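Asker: So that we are looking at the same thing, I have put the structure below in structure tokens.
The values are calculated or read from the model by the stated rules, or taken from the named source; none is laboratory data. All figures in this text were calculated on a predicted structure; none of them were measured in a lab. Cβ placement follows ideal geometry from the backbone for every residue including glycine, while neighbour counts extend to all protein chains displayed.
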Amino acid sequence: MAHVSRRGYNTSEISSGFDYSIDTHNAVSLMIERDWSNGKASFTGIEIGYRYRL
């Protein structure tokens, strides 16, 4: 995904992730994200999640 603003900045982002169902009620997830601003890495994020379903 890329975005060019009025100032001409090019901001790209890439991310990948997965969900794992432990059983019918519990699941965990992981996502890794990397952003660039004007060709330089500007952000790296790791998201870890837990979900409980009734």
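Asker: Step by step: first the residues of segment 33-49, then only those that are hydrophobic (A, V, I, L, M, F, W, C) and at pLDDT below 95, then the one that is surrounded by the most Cβ atoms within 10 Å (Cβ to Cβ). Which residue is that?
Answerer: Out of the qualifying residues, it is W36.
Asker: Moving on. Is there any pair with a first residue in segment 31-49 that is touching a residue at least 24 places away in the same chain (Cβ under 8 Å) and a second that is loosely packed, with under 13 Cβ neighbours inside 10 Å and of a type in the set (F, W, Y) whose Cβ atoms are under 7 Å apart and which are 6 or more apart or on different chains, and what are they?
Answerer: D35/F43; S37/Y9; N38/Y9
Asker: Within segment 37-54, track down each residue that is within 20 Å of E13 (Cα to Cα) and more than 13 Å from the chain's Cα centre (by Cα).
Answerer: Within segment 37-54, S37, N38, G39, K40, A41, S42 qualify.
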